Structure formats: C-alpha cells, structure tokens
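Notes follow once the structure below has been shown.
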Amino acid sequence: MARSDDEQLPDQHGRVIVVTGGNSGIGAVAATRLAARGARVVLACRDVGKGARAAAAMPGDVRVLRLDLADLTSVRAFAAAFEEEVGSAHVLVNNAGVMAVPQATTADGFELHLGTNFLGPFALTGLLLPCLTERVVTLSSVVHRRGRIDLDDLNWERRRYARWGAYAQSKLADLLFARELQRRLAATGSALLSLAAHPGISPTQLTRHTGSRVQNTVLTISSRLAGHPAERGALPLLHATTATDVAPGGYYGPTGPGEMRGQPGPASSSSASHDATVAAQLWSRAEELTGVSYP
C-alpha cells in the first residue's frame, strides 16, 4: 500500500518553520502537514482570528503571529515579536500573496501585487535572516513567464494598469529574488539555502478574490479542470521546505503537462528569471523602497 503524502514527508521534529499566509489554501495545507510530522509551526497571518481558528484545527505545536505583508510597519513588528517570542527558525516559507486584484496600493504606497508578493517578503526575509538557520522558500507562479520587470515603473504609476501584468511582474520578482538571495548567501559562505517553488494551477481563495465575479468563476472552474486541488498544489512547496536533495537556488513545481499538476520536481522558468543583472538591480531598488538592507 502506498504511503500517504504526510508519511512521505521527512520527520520534522526539532524544526521550527514559519509559514506566511498559513491560515488558508496551500499555506494551510503545508502548515498542517509540517505540524503533523512534528514541526513547530508559526502561522504568520494578517487576520489573527482566522489564523487562530486554522491553528486550532492543526495537529501539534502551531502558534499564530500577526503579519500584514502590505504594511512594512507590520513586517517590522512581526520580526521583532518573532525574535522575542520564538528566537530562531529553520525555515521561512514566503507563501502569502494576492493575485490579479483590482488596482490598489499598500499602506506604504506600493502597487498591491508588488508590495504584498515581493517587497513585503523581501523585507521580512532580510529582517529575519539572522534568525534563520536552514533555508528560505519563496512561492512563485507559472505566470512569472508573462512577467516583465520595469525598473523605472515598478509601481505601475506611468503604465496603464493591468492586473495580470502586475501579478506576473511580482511573481517574476519573487523568482529573481530567490536566485539573487542564493548568490549572495553563497558569496558570504553561508550554509543557508534559498529556494523557490510554484503550485501549478490550484483552486484556492486567490481565485475568488480578483474583484470580478466573472473572473472569479472562470478562474475557479478552469483551475479545477486543468489543475489539481490545494492538497496537491502544496507538494512542491513542501518538497522545497523538507527535501534533502534540493539544489541551492532550485525551483520546484509539478512535473505534469505544462507544470499545471503532478508530482513535484525541478521546474522550468523563463530566461528573464535567470537575468542576474536585473536581479541585482531589482535587489537595490527593493532595499531603497523598503529601507531594509541585508546583513
């Protein structure tokens, strides 16, 4: 008899893992399975009430700390609370994000996709880096292939706003960040790993919060037909978080047709996601915008 997905995960006892957006969707699935295998899990959630309800339904040692990635004050407060109350973690999983929402800005005035999906995680990772001992895992998307980094207009102030273009840019930025972080860690001799993953196509709450009822319906139905459920979409994220055979700077996703569904394994990515020059320039812009400089 084949083992369950939970049983296939390595034992996680003794590991502390932070999962942003761990109260719903892929994040909740990953957090639940990690906790079931013995990890101490910290759910970093914008809504602590929802986080507490999610944690109560999970096995093992799960706690909740408030984090709003669309507010750098909240990011700094989370980092301070984490250092004081938890101290250190083996893994930071940058999972939380928004997808194809109407044009809006974060508390700091950043375009919402850029701020929530990239700048917030960039700042969080930099602030937590001294507390991390093993790896950082950042969630990207197959849609990164449609992305273009406009360093002169990251916040869509001069371009005509396109929600999918903004989402794609943020997910390309995530992948560039993960690879640039690995280059910088390696250059300092750090044993910390930076990895990226994508879930393929999966019907989660992201497909129901685009601000358009028609688009919500189309996304939900198409993701159910072409993709796989959140329980399967979480597998690449879990692989990047727990597998011992990952490559530094590796990118993991489903290995089925179009990387939309299937078992986790190495994922392909656009040529733009390998542009080290743009990655370094984007890193500099992110430090300027967030005020967070890495140690």
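The values are calculated or read from the model by the stated rules, or taken from the named source; none is laboratory data. It should be emphasised that the depicted structure is a prediction, and the values quoted were computed from it without experimental measurement. Cβ placement follows ideal geometry from the backbone for every residue including glycine, while neighbour counts extend to all protein chains displayed.
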**Prompt:** Among ARG159, ARG148, which is the only one that is surrounded by fewer than 20 Cβ atoms within 10 Å (Cβ to Cβ) and in contact with a helix residue (DSSP H, G or I) (Cβ under 7 Å, 6 or more places away or on another chain)?
**Reply:** ARG148
**Message:** With the requirement that a residue be in a helix (DSSP H, G or I) and charged (D, E, K, R), what does segment 257-282 give you?
**Reply:** GLU259
**Asked** Residues of segment 61-97 being surrounded by fewer than 17 Cβ atoms within 10 Å (Cβ to Cβ), in contact with a strand residue (DSSP E or B) (Cβ under 8 Å, 6 or more places away or on another chain) and without any contact (Cβ under 8 Å) to a residue 60 or more places away in the chain, which ones?
**Response** ASP61, ARG63, ARG66, ALA77, ALA81, GLU85
**Request:** Within segment 91-136, track down each residue that is under 18 Å from ARG158 (Cα atoms) and outside any loop (DSSP other than H, G, I, E, B).
**Result:** THR105, GLU111, LEU112, HIS113, LEU114, GLY115
**Asked** Which residues, taken from segment 1-25, are modelled with pLDDT under 95 and aliphatic (A, V, I, L, M)?
**Response** MET1, ALA2, LEU9
**Asked** Going by the structure shown, is GLY22 small (Gly, Ala, Ser) and within 17 Å of ALA234 (Cα to Cα)?
**Response** yes
**Request:** Could you check THR106 against (1) in contact with a strand residue (DSSP E or B) (Cβ under 7 Å, 6 or more places away or on another chain); (2) closer than 18 Å to ALA286 by Cβ and say which number it fails?
**Result:** (1)
**Prompt:** In this structure, is ALA276 aliphatic (A, V, I, L, M), touching a helix residue (DSSP H, G or I) at 6+ places or on another chain (Cβ under 9 Å), surrounded by fewer than 20 Cβ atoms within 10 Å (Cβ to Cβ) and in contact (Cβ under 8 Å) with a residue 60 or more places away in the chain?
**Reply:** yes
**Asked** Picking from LEU175, LEU139, which residue would you name as being closer than 18 Å to GLN281 by Cβ, at pLDDT 95 or above, under 14 Å from the mean Cα position of the chain (by Cα) and crowded, with 22+ Cβ neighbours inside 10 Å?
**Response** LEU175
**Fill in**
Checked GLY253, GLY258, GLY233 against criteria (modelled with pLDDT under 95 and surrounded by 21 or more Cβ atoms within 10 Å (Cβ to Cβ)); the one match is GLY233
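Return the total of residues in segment 34-58 being in contact with a Lys or Arg (Cβ under 6 Å, 6 or more places away or on another chain) and either among the small types (Gly, Ala, Ser) or modelled with pLDDT under 95 (or both). Even if it seems obvious, please write down each step before you answer.
To start, the set of residues in segment 34-58 that are in contact with a Lys or Arg (Cβ under 6 Å, 6 or more places away or on another chain) comprises 39, 42, 48.
Now drop any that are not either among the small types (Gly, Ala, Ser) or modelled with pLDDT under 95 (or both), which leaves 39.
Total meeting the criteria: 1.
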**Asked** For LEU129, which of the numbered conditions (1) in contact with a Cys (Cβ under 8 Å, 6 or more places away or on another chain); (2) over 13 Å from ILE17 (Cα atoms); (3) not polar (S, T, N, Q) fails to hold?
**Response** (1)
**Request:** Take segment 283-295 and flag every residue that is touching a Gly at 6+ places or on another chain (Cβ under 7 Å) and either assigned to a helix (DSSP H, G or I) or surrounded by 20 or more Cβ atoms within 10 Å (Cβ to Cβ) (or both).
**Result:** VAL292
**Message:** Quick check on ALA30: is it in a helix (DSSP H, G or I) and free of Cβ contacts under 8 Å to residues at least 40 places away in the same chain?
**Reply:** no
**Message:** Condition first: touching a helix residue (DSSP H, G or I) at 6+ places or on another chain (Cβ under 7 Å) and either at positive phi or small (Gly, Ala, Ser) (or both). Now tell me which residues in segment 166-194 satisfy that.
**Reply:** ALA166, ALA168, SER170, ALA173, SER194
